[in-house]
Amino acid sequence: MFNNFFHRMASPKHFYRLAGILIPWLAVPCLLLTLAGLYYGLVKAPPDYQQGDSYRIMFIHVPAAWMSMFIYVVMAGAGAIGLIWRIKLAEMVAISSAPIGASFTFLALVTGSIWGKPMWGTWWVWDARLTSELILLFLYLGVIALNNAIDDKRMAARAVAILALVGVINIPIIHYSVEWWNTLHQGPTVTKFDKPSIHLSMLIPLLLMAVAFKLYYAFVVLMRARCEVLDRERNSGWVKELAEKT
Amino acid sequence: MNLEEFFNMGGYAVYVWSSYGIALLVLLVNIIAPLRQRKKLLHGIAATARRRARRNA
(Lines give C-alpha, C1' and ligand atoms only; values in the text may rest on other atoms or scores of the structure.)
Protein backbone atom coordinates (compact mmCIF):
# COMPACT_ATOMS: atom_id res chain seq x y z
CA MET A 1 0.00 0.00 0.00
CA PHE A 2 2.83 2.38 0.90
CA ASN A 3 4.64 1.52 -2.29
CA ASN A 4 1.53 2.25 -4.26
CA PHE A 5 1.17 5.60 -2.51
CA PHE A 6 4.72 6.65 -3.25
CA HIS A 7 4.51 5.59 -6.85
CA ARG A 8 1.35 7.59 -7.38
CA MET A 9 2.86 10.57 -5.61
CA ALA A 10 5.93 10.40 -7.79
CA SER A 11 4.01 10.07 -11.03
CA PRO A 12 4.46 13.38 -12.88
CA LYS A 13 0.79 13.72 -13.75
CA HIS A 14 -0.37 13.21 -10.18
CA PHE A 15 2.32 15.52 -8.85
CA TYR A 16 1.37 18.26 -11.30
CA ARG A 17 -2.26 18.15 -10.17
CA LEU A 18 -1.48 17.90 -6.46
CA ALA A 19 1.06 20.74 -6.60
CA GLY A 20 -1.51 22.91 -8.35
CA ILE A 21 -3.90 22.38 -5.43
CA LEU A 22 -1.20 22.93 -2.78
CA ILE A 23 0.28 26.17 -4.13
CA PRO A 24 -2.50 28.56 -3.01
CA TRP A 25 -2.71 26.81 0.38
CA LEU A 26 0.96 27.63 0.91
CA ALA A 27 1.01 31.06 -0.75
CA VAL A 28 -1.84 32.59 1.27
CA PRO A 29 -0.43 31.69 4.73
CA CYS A 30 2.96 32.87 3.46
CA LEU A 31 1.52 36.27 2.57
CA LEU A 32 -0.29 36.57 5.92
CA LEU A 33 2.81 35.62 7.92
CA THR A 34 4.91 38.07 5.89
CA LEU A 35 2.48 40.90 6.62
CA ALA A 36 2.46 40.00 10.33
CA GLY A 37 6.25 39.75 10.33
CA LEU A 38 6.60 43.15 8.65
CA TYR A 39 4.17 44.72 11.11
CA TYR A 40 5.92 43.34 14.19
CA GLY A 41 9.37 43.88 12.70
CA LEU A 42 9.02 47.39 11.30
CA VAL A 43 6.36 48.89 13.57
CA LYS A 44 6.05 47.06 16.88
CA ALA A 45 9.63 46.05 17.70
CA PRO A 46 11.60 48.81 19.49
CA PRO A 47 14.85 50.22 18.06
CA ASP A 48 18.02 48.38 19.14
CA TYR A 49 19.95 50.07 21.95
CA GLN A 50 23.21 49.88 19.96
CA GLN A 51 22.18 49.78 16.32
CA GLY A 52 19.08 51.97 16.34
CA ASP A 53 16.64 51.12 13.56
CA SER A 54 19.27 49.72 11.21
CA TYR A 55 18.98 46.31 12.89
CA ARG A 56 15.56 45.89 11.23
CA ILE A 57 17.47 44.66 8.17
CA MET A 58 17.95 41.52 10.29
CA PHE A 59 14.33 40.46 9.67
CA ILE A 60 15.21 39.95 5.99
CA HIS A 61 18.90 39.16 6.30
CA VAL A 62 18.80 36.34 8.86
CA PRO A 63 15.83 34.37 7.45
CA ALA A 64 17.30 34.76 3.94
CA ALA A 65 20.65 33.41 5.16
CA TRP A 66 18.91 30.49 6.88
CA MET A 67 17.00 29.73 3.68
CA SER A 68 20.16 29.90 1.59
CA MET A 69 21.56 26.96 3.60
CA PHE A 70 18.26 25.10 4.10
CA ILE A 71 17.47 25.10 0.37
CA TYR A 72 20.97 23.92 -0.43
CA VAL A 73 20.56 20.91 1.86
CA VAL A 74 17.13 20.14 0.34
CA MET A 75 18.60 20.47 -3.16
CA ALA A 76 21.52 18.15 -2.38
CA GLY A 77 19.19 15.69 -0.59
CA ALA A 78 16.73 15.62 -3.48
CA GLY A 79 19.66 15.26 -5.87
CA ALA A 80 20.93 12.26 -3.90
CA ILE A 81 17.48 10.63 -3.93
CA GLY A 82 17.33 11.16 -7.69
CA LEU A 83 20.81 9.75 -8.08
CA ILE A 84 20.18 6.62 -5.98
CA TRP A 85 16.56 5.72 -6.73
CA ARG A 86 16.20 7.43 -10.11
CA ILE A 87 13.07 9.22 -9.04
CA LYS A 88 12.36 11.87 -11.66
CA LEU A 89 10.41 14.00 -9.24
CA ALA A 90 13.40 14.30 -6.89
CA GLU A 91 15.54 15.45 -9.84
CA MET A 92 12.97 18.10 -10.67
CA VAL A 93 12.78 19.35 -7.06
CA ALA A 94 16.58 19.53 -6.94
CA ILE A 95 16.96 21.60 -10.08
CA SER A 96 13.92 23.76 -9.26
CA SER A 97 15.48 24.64 -5.91
CA ALA A 98 18.66 26.12 -7.39
CA PRO A 99 17.35 29.51 -8.59
CA ILE A 100 15.36 30.03 -5.39
CA GLY A 101 18.37 29.17 -3.25
CA ALA A 102 20.54 31.46 -5.34
CA SER A 103 18.01 34.27 -4.82
CA PHE A 104 18.04 33.87 -1.04
CA THR A 105 21.84 33.70 -0.99
CA PHE A 106 21.97 36.86 -3.07
CA LEU A 107 19.54 38.54 -0.66
CA ALA A 108 21.56 37.44 2.39
CA LEU A 109 24.73 38.88 0.83
CA VAL A 110 23.19 42.14 -0.38
CA THR A 111 21.21 42.92 2.78
CA GLY A 112 24.26 41.98 4.84
CA SER A 113 26.33 44.38 2.80
CA ILE A 114 23.76 47.17 3.19
CA TRP A 115 23.63 46.48 6.93
CA GLY A 116 27.43 46.33 7.15
CA LYS A 117 27.96 49.80 5.69
CA PRO A 118 26.44 51.79 8.59
CA MET A 119 27.43 49.28 11.31
CA TRP A 120 30.93 48.11 10.34
CA GLY A 121 31.79 51.05 8.10
CA THR A 122 32.34 48.82 5.08
CA TRP A 123 30.24 47.08 2.44
CA TRP A 124 32.40 43.97 2.40
CA VAL A 125 35.19 42.16 4.24
CA TRP A 126 36.87 38.98 3.07
CA ASP A 127 36.20 37.11 6.28
CA ALA A 128 35.14 33.48 6.68
CA ARG A 129 31.37 34.02 7.00
CA LEU A 130 31.00 36.36 4.06
CA THR A 131 33.40 34.44 1.83
CA SER A 132 31.79 31.05 2.48
CA GLU A 133 28.35 32.54 1.79
CA LEU A 134 29.69 33.97 -1.48
CA ILE A 135 30.99 30.49 -2.36
CA LEU A 136 27.47 29.20 -1.71
CA LEU A 137 26.15 31.64 -4.32
CA PHE A 138 28.74 30.37 -6.81
CA LEU A 139 27.73 26.77 -6.04
CA TYR A 140 24.11 27.59 -6.85
CA LEU A 141 25.12 29.39 -10.05
CA GLY A 142 27.35 26.43 -10.94
CA VAL A 143 24.41 24.04 -10.51
CA ILE A 144 22.22 26.21 -12.76
CA ALA A 145 24.93 26.58 -15.40
CA LEU A 146 25.75 22.85 -15.38
CA ASN A 147 22.08 21.96 -15.78
CA ASN A 148 21.75 24.35 -18.73
CA ALA A 149 24.93 23.06 -20.35
CA ILE A 150 23.74 19.44 -20.66
CA ASP A 151 20.90 18.83 -23.10
CA ASP A 152 19.85 15.43 -21.82
CA LYS A 153 17.68 16.23 -18.79
CA ARG A 154 18.38 13.01 -16.90
CA MET A 155 22.12 13.22 -17.49
CA ALA A 156 22.06 16.86 -16.39
CA ALA A 157 20.20 15.90 -13.20
CA ARG A 158 22.90 13.36 -12.30
CA ALA A 159 25.74 15.81 -12.91
CA VAL A 160 23.94 18.51 -10.92
CA ALA A 161 23.30 16.12 -8.01
CA ILE A 162 26.99 15.22 -7.78
CA LEU A 163 28.06 18.87 -7.83
CA ALA A 164 25.44 19.74 -5.20
CA LEU A 165 26.56 16.88 -2.96
CA VAL A 166 30.22 17.86 -3.13
CA GLY A 167 29.24 21.42 -2.22
CA VAL A 168 27.45 20.31 0.97
CA ILE A 169 30.83 20.56 2.72
CA ASN A 170 30.40 24.34 2.55
CA ILE A 171 27.27 24.31 4.74
CA PRO A 172 28.90 23.47 8.10
CA ILE A 173 31.71 25.85 7.16
CA ILE A 174 29.21 28.71 6.79
CA HIS A 175 27.46 27.77 10.01
CA TYR A 176 30.56 27.48 12.20
CA SER A 177 32.62 30.16 10.43
CA VAL A 178 31.80 32.77 13.08
CA GLU A 179 33.05 30.42 15.80
CA TRP A 180 36.12 29.01 14.05
CA TRP A 181 37.54 32.28 12.78
CA ASN A 182 37.75 35.80 14.12
CA THR A 183 35.37 37.95 12.19
CA LEU A 184 33.41 41.18 12.10
CA HIS A 185 30.25 39.13 11.73
CA GLN A 186 28.42 38.65 15.01
CA GLY A 187 27.94 35.19 16.45
CA PRO A 188 24.65 33.29 16.52
CA THR A 189 22.02 34.77 18.81
CA VAL A 190 19.03 32.53 18.18
CA THR A 191 20.45 29.02 17.89
CA LYS A 192 22.69 29.20 20.94
CA PHE A 193 22.38 26.20 23.22
CA ASP A 194 21.48 28.16 26.33
CA LYS A 195 18.93 30.95 26.05
CA PRO A 196 18.74 32.98 22.86
CA SER A 197 20.21 36.42 23.51
CA ILE A 198 17.51 38.26 21.63
CA HIS A 199 14.46 39.94 23.11
CA LEU A 200 11.05 38.41 22.45
CA SER A 201 9.82 41.56 20.66
CA MET A 202 12.57 41.02 18.07
CA LEU A 203 12.46 37.21 18.10
CA ILE A 204 8.77 37.06 17.15
CA PRO A 205 9.06 38.99 13.84
CA LEU A 206 12.26 37.10 13.07
CA LEU A 207 10.52 33.74 13.45
CA LEU A 208 7.43 34.96 11.57
CA MET A 209 9.62 35.95 8.63
CA ALA A 210 11.55 32.69 8.85
CA VAL A 211 8.36 30.61 8.59
CA ALA A 212 7.03 32.88 5.83
CA PHE A 213 10.24 32.33 3.82
CA LYS A 214 9.95 28.56 4.30
CA LEU A 215 6.40 28.64 2.94
CA TYR A 216 7.55 30.88 0.11
CA TYR A 217 10.19 28.35 -0.88
CA ALA A 218 7.61 25.54 -0.66
CA PHE A 219 5.17 27.10 -3.09
CA VAL A 220 7.73 28.59 -5.46
CA VAL A 221 9.60 25.28 -5.75
CA LEU A 222 6.28 23.60 -6.57
CA MET A 223 5.60 26.23 -9.25
CA ARG A 224 9.01 25.64 -10.80
CA ALA A 225 8.76 21.86 -10.51
CA ARG A 226 5.41 21.98 -12.35
CA CYS A 227 7.16 23.75 -15.23
CA GLU A 228 9.84 21.03 -15.21
CA VAL A 229 7.10 18.39 -15.39
CA LEU A 230 5.50 20.09 -18.40
CA ASP A 231 8.84 20.41 -20.13
CA ARG A 232 9.90 16.81 -19.59
CA GLU A 233 6.48 15.27 -20.24
CA ARG A 234 5.67 17.40 -23.26
CA ASN A 235 5.12 14.32 -25.42
CA SER A 236 2.72 12.56 -23.09
CA GLY A 237 -1.00 12.66 -23.76
CA TRP A 238 -2.13 14.47 -20.65
CA VAL A 239 0.27 17.39 -21.19
CA LYS A 240 -0.89 17.83 -24.79
CA GLU A 241 -4.49 17.74 -23.64
CA LEU A 242 -3.72 20.35 -20.99
CA ALA A 243 -1.92 22.56 -23.51
CA GLU A 244 -4.78 22.42 -25.98
CA LYS A 245 -7.23 23.58 -23.34
CA THR A 246 -5.26 26.79 -22.72
CA MET B 1 5.11 56.57 16.36
CA ASN B 2 4.10 58.93 13.56
CA LEU B 3 4.42 58.22 9.89
CA GLU B 4 7.42 60.48 9.31
CA GLU B 5 9.37 58.76 12.06
CA PHE B 6 8.44 55.41 10.57
CA PHE B 7 9.78 56.25 7.13
CA ASN B 8 12.86 57.93 8.56
CA MET B 9 13.92 54.74 10.41
CA GLY B 10 16.06 56.68 12.89
CA GLY B 11 18.22 58.05 10.07
CA TYR B 12 18.82 54.61 8.53
CA ALA B 13 16.00 54.96 5.98
CA VAL B 14 18.24 54.41 2.94
CA TYR B 15 19.70 51.19 4.34
CA VAL B 16 16.51 49.70 5.78
CA TRP B 17 14.18 50.53 2.88
CA SER B 18 16.64 49.54 0.17
CA SER B 19 17.07 46.15 1.89
CA TYR B 20 13.31 45.59 2.05
CA GLY B 21 12.84 46.91 -1.49
CA ILE B 22 15.46 44.59 -2.99
CA ALA B 23 13.98 41.64 -1.06
CA LEU B 24 10.50 42.41 -2.36
CA LEU B 25 11.78 42.69 -5.91
CA VAL B 26 13.73 39.41 -5.82
CA LEU B 27 10.84 37.51 -4.21
CA LEU B 28 8.33 38.84 -6.76
CA VAL B 29 10.58 38.00 -9.72
CA ASN B 30 10.81 34.42 -8.44
CA ILE B 31 7.02 34.15 -8.50
CA ILE B 32 6.54 35.81 -11.89
CA ALA B 33 9.24 33.77 -13.66
CA PRO B 34 7.58 30.32 -13.27
CA LEU B 35 4.14 31.80 -14.05
CA ARG B 36 5.44 33.13 -17.36
CA GLN B 37 7.43 29.99 -18.08
CA ARG B 38 4.36 27.80 -17.58
CA LYS B 39 2.33 29.90 -20.00
CA LYS B 40 5.16 29.80 -22.54
CA LEU B 41 5.55 26.03 -22.24
CA LEU B 42 1.83 25.34 -22.62
CA HIS B 43 1.59 27.63 -25.68
CA GLY B 44 4.65 25.99 -27.23
CA ILE B 45 3.33 22.48 -26.65
CA ALA B 46 -0.08 23.38 -28.08
CA ALA B 47 1.51 24.98 -31.15
CA THR B 48 3.63 21.87 -31.81
CA ALA B 49 0.55 19.66 -31.47
CA ARG B 50 -1.37 21.80 -33.97
CA ARG B 51 1.50 21.72 -36.47
CA ARG B 52 1.68 17.93 -36.22
CA ALA B 53 -2.08 17.60 -36.64
CA ARG B 54 -1.97 19.74 -39.81
CA ARG B 55 0.87 17.74 -41.27
CA ASN B 56 -0.95 14.47 -40.66
CA ALA B 57 -4.23 15.74 -42.07
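Computed values, structure above
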| read-out | value |
| --- | --- |
| Area hidden from solvent between B and A (accessible, protein heavy atoms only, 1.4 Å, total, Å²) | 3100 |
| FRET efficiency estimate (nearest 0.05) - Cβ-Cβ, A:F138 to B:R54, R0 51 angstrom | 0.60 |
| Carbon plus sulfur fraction of accessible area for chain A, probe 1.4 Å, in percent | 68 |
| Chain A: DSSP helices with Cα axial extent of at least 30 Å and average Kyte-Doolittle hydropathy no lower than 0.0 | A:12-38, A:58-85, A:88-120, A:128-149, A:200-232 |
| D (Stokes-Einstein, µm²/s), Kirkwood Cα radius, the protein assembly as shown, 1.567 mPa s at 4 °C | 62 |
| Solvent exposure ordering (accessible area, 1.4 Å, most first) of A:M119, A:M223 | A:M119, A:M223 |
| Chain A - charge dipole about Cα centre, Lys and Arg +1 at Cβ, Asp and Glu -1, debye rounded to 20 | 680 |
| Selected from A:I162, A:H61, A:L242, residue furthest toward positive end of dipole (chain A; charges at beta carbon) | A:L242 |
| Given A:K153/A:K245; A:K44/A:K117; A:K13/A:K240; A:K117/A:K214; A:K153/B:K40, the pairs whose alpha carbons are separated by over 22 Å | A:K153/A:K245; A:K44/A:K117; A:K117/A:K214 |
| Extended-chain gain in nm, criterion 0.36 nm per residue less alpha-carbon gap, B:F6 and B:K40 | 8.0 nm |
| log₁₀ of I(q)/I(0) at q = 0.18, 0.30 Å⁻¹ - chain B, Debye sum with one point per alpha carbon | -0.74, -1.04 |
| Average Cα contact separation per residue, chain A, under 8 Å, 6 or more apart, as relative contact order % | 32 |
| Acute angle (nearest 10 degrees) that the helix B:13-56 long axis makes with the longest principal axis of chain B, alpha-carbon atoms | 10 |
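The values are calculated or read from the model by the stated rules, or taken from the named source; none is laboratory data. Not measured: the values here are computed from a predicted model. Every residue, glycine as well, gets a Cβ built from its backbone with ideal geometry; the counts of neighbours run over all protein chains shown. Heads up: the accessible areas ignore ligands, DNA and RNA and are worked out on the full protein's heavy atoms, side chains in. Shrake-Rupley method; radii C 1.70, N 1.55, O 1.52, S 1.80 Å.
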